[in-house]
1. Name the residues in the range 202-216 that are in contact with a helix residue (DSSP H, G or I) (Cβ under 9 Å, 6 or more places away or on another chain) and either part of a helix (DSSP H, G or I) or open to solvent by 60 Å² or more (accessible area, probe 1.4 Å) (or both), would you?
2. Inspect all residues belonging to the range 144-156 and state whether any of them is closer than 15 Å to Glu171 by Cβ, part of a helix (DSSP H, G or I), at pLDDT 95 or above and open to solvent by 10 Å² or more (accessible area, probe 1.4 Å).
3. For the subset of the range 217-234 comprising residues that are at pLDDT below 95 and outside any loop (DSSP other than H, G, I, E, B), which member is nearest to the chain's Cα centre (by Cα)?
4. Could you list, in sequence order, all residues of the range 89-140 that are more than 17 Å from Arg175 (Cβ to Cβ), among the aliphatic types (A, V, I, L, M) and not in a loop (DSSP other than H, G, I, E, B)?
5. Please verify whether Leu286 is of a type outside the set (D, E, K, R), surrounded by 20 or more Cβ atoms within 10 Å (Cβ to Cβ) and not in a loop (DSSP other than H, G, I, E, B), treating the condition exactly as stated.
6. Cβ-Cβ under 7 Å, sequence separation 6+ or interchain: first residue in the range 9-25 and at negative phi, partner crowded, with 18+ Cβ neighbours inside 10 Å and small (Gly, Ala, Ser). Which pairs?
7. Check Arg8 against each of (1) part of a helix (DSSP H, G or I); (2) closer than 24 Å to Lys160 by Cβ; (3) not polar (S, T, N, Q) and name the one condition it does not meet.
8. Can you tell which of Ile181, Ile226 is touching a Lys or Arg at 6+ places or on another chain (Cβ under 7 Å), more than 21 Å from Gln100 (Cα to Cα), aliphatic (A, V, I, L, M) and buried (at least 16 other Cβ atoms within 10 Å of the Cβ)?
Amino acid sequence: MQSLNPRRFSKSKTDSAGITLCSKTKSEKDIDQALEILSNWRALHSYPMHVFKQRLSRISEKMDAKALSSQRLKRVPSIIKKLNRKYEGGTETMRLTQMQDIAGCRAVMSNVKLAQKLYEDHYIKGDLKHKKVNEKDYISNPKEDGYRSIHIVYKYNSDKGKKVYNGLLIEVQIRSKLQHIWSTAVETVGFFTGRAIKSNEGEKDWEMFFKLVSSAFAKKEKCPTIPNTPDNEKELYFLIAQKEKELNVISKMKNWADSMKYFETLKNTKNMHFFLLELDTIQEKLVITPYSKRQEKQAIDNYARVEKKIYGNPDYDVVLVGADTFADLKKAYPNYFLDTREFIYQLSKIINKYSNKS
């Protein structure tokens, strides 16, 4: 990848770009300039993200032959939403250069025991030279919305030739396959309800449905359940079946998947490691553009170009992700393919189990 200039824009100018994008009164010229600065700042994280992803792939696959690893640069709408977030009822406090998940990599392990072992053996007891600045175990202490995963944030540190990237923050996520199925189903529903359920902006019925299912998955994994959900299994399963019927969840998810059309701009995805995913929820179309490792700079530039083009349009979504193969891409980001088959399978087992008990 062609080297980027970390000093092209100062940190203060980068933070100002974030403020501009959060402002309600901004001109088109202001938006263009701010997006250019934000895109440059985000692109800087690409190299240290690769470093963490390579290690994560190596150690996770050594522990679990079915481990799945991927990486992504955070989408502009998600960045702006996080910058706008108010903490404890106050004003926005986060600056763009403080954001800890601009770049991230993730490992999905076959089960929760392997996910916790990966975390404990390699990130609690690990010998990383990079400085750990934050960690949250949402498996042991799940979020109120049902989200479960482990997040560890590191400050990149190199004593060799890549010192220019020192200080950049990279997030590592570790989760089980069941937790991944739940999370990507939430994303899929978010696309089609037009609301970000993951960010506590979803319809109340959908929110409650996913909380209940998360608790059911937690019970299966022998992990803490979600606050304010029934502890009694029969009651929990009854409420899930009731909500599924009210929302017509399985039928809707199947219809979304059946109506989805996706197109690859290149038919041969062999030796491709970066994928630009452009989702149009109105036309129910996904366009996939693959890139080789040598084309990473082009991929990042095209990512910024498309984001600028669709800026402010909630019916479109674009993300640039990295995966070792096209098959891994579909497993790591099934929400972009509207693929909820595994979630439906697990949900059906819950409903059938309740029906057998009643």
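1. Of everything in the range 202-216, those that are in contact with a helix residue (DSSP H, G or I) (Cβ under 9 Å, 6 or more places away or on another chain) and either part of a helix (DSSP H, G or I) or open to solvent by 60 Å² or more (accessible area, probe 1.4 Å) (or both) turn out to be Glu203, Asp205, Trp206, Glu207, Met208, Phe209, Phe210, Leu212, Val213, Ser214, Ser215, Ala216.
2. Keep residues of the range 144-156 that are closer than 15 Å to Glu171 by Cβ, which gives 147, 149-156.
Filter once more, so that each one left must be part of a helix (DSSP H, G or I): none.
No; the residues of the range 144-156 include none that is closer than 15 Å to Glu171 by Cβ, part of a helix (DSSP H, G or I), at pLDDT 95 or above and open to solvent by 10 Å² or more (accessible area, probe 1.4 Å).
3. Glu233
4. Within the range 89-140, Leu96, Ala103, Val133 meet the criteria.
5. no
6. Correct list of pairs: Ala17/Ala34; Thr20/Ala34; Leu21/Ala34.
7. (1) is the only condition that Arg8 fails.
8. Values: Ile181 fails: touching a Lys or Arg at 6+ places or on another chain (Cβ under 7 Å).
After applying the criteria, what remains is Ile226.
The values are calculated or read from the model by the stated rules, or taken from the named source; none is laboratory data. Worth saying up front: this structure is predicted, and the values here are computed from it rather than measured. Every residue, glycine among them, receives a Cβ derived from its backbone with ideal geometry; neighbour counts consider all protein chains shown. Calculation scope for accessible area: heavy atoms of the full protein, side chains included, ligands and nucleic acids excluded. Shrake-Rupley method; radii C 1.70, N 1.55, O 1.52, S 1.80 Å.
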